[in-house]
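The next block holds one structure in the form of structure tokens; read it before the comments.
The values are calculated or read from the model by the stated rules, or taken from the named source; none is laboratory data. Keep in mind that what you see is a predicted model, and the values were worked out from it rather than measured. Here the Cβ positions follow ideal geometry from the backbone for every residue, glycine too, while neighbour counts run over all protein chains shown. With ligands, DNA and RNA removed, areas are computed over all heavy atoms of the protein, side chains included. Shrake-Rupley method; radii C 1.70, N 1.55, O 1.52, S 1.80 Å.
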Amino acid sequence: MEETADNLNNPQLRLTPAEFEFPLSGIFISTSHHAEGFTMAMHRSDYHELVVVRSGRGEVIMGETQLGVSAGSMLHIPPGKAHRFVDVPASPMTLHIVSFETEAFVGNPLVTQLYRSFLDTYKTTEVIYLLNTFRRNKIYHYLQEMQQEQTLNKGGCELMVYATCLQLLTFLDRMKDDGDEVVFSNVQQQAVEACLEYIEHHFTETITVDQLVTLSGYSAR
């Protein structure tokens, strides 16, 4: 990844991605608060990235594919997949990112089975919108627990991060059968993003279903 450059007014905001080294567990959790003007070059990683958008809006570009993302959405980027995130200028994103190496989930048959199920379910070209509030907050809770353990860096912290990551993957594996989450195709994403952008800029006005029908291309129903 590129070198880090912090926003001068707020050192917690990022202008470029941060670098890191994997611990022995092969799992690293990070939270990236993008500043206005955040830039990311197209790049490939040699590890998996599970990305959860906590706030803001934008898109992830992977080759010829452009996927709209916004708060409450989640996607998986596998190793070797060229990609970059682009923020909506007025709504820079905050991303939770679980980076993990393939080697972290081999050796134990049960863990390997869970890992393969995750790969089968969460495809590269799909964005999951976490519509169920309970499940979305549960995922945030796992991510925050991992971040806290990693930051505290006390004895056994890597084991705690690893164990919590397995809990997260198990939760995601069970979630696929619940039917409360919606996977949007790229066309659907564009329609939803158009509606969201219109609402954001006209929230003080009366917004009708007919207006959203025109924007989205879907029926009123």
Open item on the list: Every residue in the stretch 101-138 that is farther than 14 Å from Pro79 by Cα, aromatic (Phe, Trp, Tyr) and at pLDDT below 90, please.
Closed with: Tyr129, Phe134
TODO: Among the residues of the stretch 126-171, write down those that are assigned to a helix (DSSP H, G or I), aromatic (Phe, Trp, Tyr) and crowded, with 17+ Cβ neighbours inside 10 Å.
DONE: Tyr142, Tyr162
Task: Search result, residues across the stretch 107-124 that are surrounded by 14 or more Cβ atoms within 10 Å (Cβ to Cβ) and part of a loop (DSSP other than H, G, I, E, B) - done: Tyr122, Thr124
- [ ] Return the pairs, sorted by first residue and then second, in which the second residue is open to solvent by 40 Å² or more (accessible area, probe 1.4 Å), the first residue lies in the stretch 134-145 and is touching a residue at least 60 places away in the same chain (Cβ under 8 Å), the beta carbons are less than 9 Å apart, and the residues are 6+ apart or on different chains.
- [x] Tyr140/Arg54; Leu143/Thr31; Leu143/Arg54
Open item on the list: Tally up the residues in the stretch 38-57 that are more than 22 Å from Phe22 (Cβ to Cβ) and open to solvent by less than 10 Å² (accessible area, probe 1.4 Å), please.
Closed with: 1
Open item on the list: Given the criteria in contact with an Asp or Glu (Cβ under 7 Å, 6 or more places away or on another chain) and over 24 Å from Ser117 (Cα atoms), does His43 qualify?
Closed with: no
Task: Answer residue from the stretch 58-77, given it is open to solvent by less than 30 Å² (accessible area, probe 1.4 Å) and not hydrophobic (A, V, I, L, M, F, W, C) and is modelled with the highest pLDDT among those - done: His76
- [ ] Please enumerate the residues belonging to the stretch 93-106 that are surrounded by fewer than 21 Cβ atoms within 10 Å (Cβ to Cβ) and within 18 Å of the chain's Cα centre (by Cα).
- [x] Thr94, Ile97, Ser99, Glu101
